[in-house]
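Take a look at this one; I'll ask things after.
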Amino acid sequence: MKVAFDCSLCLFNRGYVEILEATDDPEIQLKAIRRFLCLLCEEFKPTAVPAMIGTLRERLIREITGNPDPYAEKKRVCNQEALKILPYAERVVSSKPDEESRFRMACLAAIVGNIIEFNIPGHRFTFEEIKHLIQRAESDLVIDDLSKAFEIARKAETVLLLTDNAGEIAFDTLLVRELKSISERGRVIVAVKGKPTINDATLEDALFVGMDKVADAVITTGSDAIGLIPSECSSEFLSIYRDSDFVIAKGMAHAETLTELELHSPHLLLLRTKCPRLSNYFGVPRHKNVAKLI
């Protein structure tokens, strides 16, 4: 998925706000924004992928400000708040009468969790609205490949879940449980980022929400790259990725990067259309739920 005009504002806004999060030193802020503007001038071209520019942006801001994790406190709060809501989401999933409907509801709850994202122009969220969005998640689903995904997951020996954001990862634990339930001999492996980058989940976040207690293994991509950029990942991760029968990928950046790759196995994209570029790409309204097999 290549950049569009709208991506320019999003990429800039996220960088501008993150610089303010990273440092309160005016001189460093000015240095960071000047270098960031130069980066945009060099990299924002029709052939670029938004997540790749975002990856360069994050590295630049961390380097100049000296702050290795500008969103550390916000990620901690997101995990805490998501865990307060998780029992409700778990009851909703458990109330469904059969394996397929529980899998479906777990996917929908995981998609709703994808609203936990900062500084995207036109996107706002509150933790208080998550319960309501879970209740209406089915009616908000505008691309629905979940029945096909259930059949693929049921037969898969290895499922790899690529996570997105802190907080959101708490709701992913419900999906992992359902994946393990529908395939007795299957393994479910969860991958998080190798280092902090924006508010993406890392191993620390996965352990905080108890992902290690439900997944067969929790690994990292070996990289701080946003989305999935194979050239940035460790050989250990790539071996698992290539050996997986089914890949479930959360969030916008995975949609941006995976649609640029030649895929070796079925991939299920689970995301909320939080930006105009994604909405236009999939041909659906903004602020809706997408479960798309690619």
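The values are calculated or read from the model by the stated rules, or taken from the named source; none is laboratory data. Here the structure is a predicted model, which means the values were calculated and not measured. Here the Cβ is made from the backbone with ideal geometry for all residues, glycine too, and neighbour counts use every protein chain on show. Side chains included, ligands, DNA and RNA excluded: accessible areas come from the protein's heavy atoms. Shrake-Rupley method; radii C 1.70, N 1.55, O 1.52, S 1.80 Å.
Quick check on this structure: which one of E168, E184, E204 is open to solvent by 10 Å² or more (accessible area, probe 1.4 Å), at pLDDT 95 or above and not basic (K, R)?
E204
Looking at D144 and the list (1) open to solvent by 70 Å² or more (accessible area, probe 1.4 Å); (2) closer than 23 Å to A253 by Cβ; (3) without any contact (Cβ under 8 Å) to a residue 40 or more places away in the chain; (4) not aliphatic (A, V, I, L, M), which single condition is not satisfied?
Every condition holds for D144 apart from (3).
Check whether at least one residue in the stretch 15-27 is closer than 18 Å to D224 by Cα, surrounded by 14 or more Cβ atoms within 10 Å (Cβ to Cβ) and in contact with a Cys (Cβ under 9 Å, 6 or more places away or on another chain), and report yes or no.
The answer is no; no qualifying residue exists.
Which residues, counting only those in the stretch 121-148, are part of a loop (DSSP other than H, G, I, E, B) and among the polar types (S, T, N, Q)?
Answer for the stretch 121-148, where residues must be part of a loop (DSSP other than H, G, I, E, B) and among the polar types (S, T, N, Q): T126, S139.
Results for (1) on the phi < 0 side of the Ramachandran plot; (2) open to solvent by 60 Å² or more (accessible area, probe 1.4 Å); (3) in contact with a Phe, Trp or Tyr (Cβ under 8 Å, 6 or more places away or on another chain), shown as yes or no for each residue.
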{"residue": "D200", "(1), (2), (3)": "yes, no, no"}
{"residue": "V209", "(1), (2), (3)": "yes, no, no"}
{"residue": "I240", "(1), (2), (3)": "yes, no, no"}
{"residue": "E260", "(1), (2), (3)": "yes, yes, no"}
{"residue": "P266", "(1), (2), (3)": "yes, no, yes"}
{"residue": "R272", "(1), (2), (3)": "yes, no, no"}
{"residue": "L278", "(1), (2), (3)": "yes, no, no"}
{"residue": "P285", "(1), (2), (3)": "yes, yes, no"}
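Go through the stretch 169-195 and count every residue that is among the charged types (D, E, K, R) and under 15 Å from the mean Cα position of the chain (by Cα).
Adding up the residues that qualify gives 3.
Could you check K96 against (1) touching a helix residue (DSSP H, G or I) at 6+ places or on another chain (Cβ under 8 Å); (2) farther than 24 Å from K180 by Cβ; (3) in a loop (DSSP other than H, G, I, E, B); (4) open to solvent by 50 Å² or more (accessible area, probe 1.4 Å) and say which number it fails?
Of everything listed in (1) touching a helix residue (DSSP H, G or I) at 6+ places or on another chain (Cβ under 8 Å); (2) farther than 24 Å from K180 by Cβ; (3) in a loop (DSSP other than H, G, I, E, B); (4) open to solvent by 50 Å² or more (accessible area, probe 1.4 Å), K96 misses just condition (2).
If you scan the stretch 261-281, which residues turn out to be under 26 Å from V176 (Cα atoms) and over 16 Å from the mean Cα position of the chain (by Cα)?
Matches in the stretch 261-281: L261, E262, L263, H264, S265, P266.
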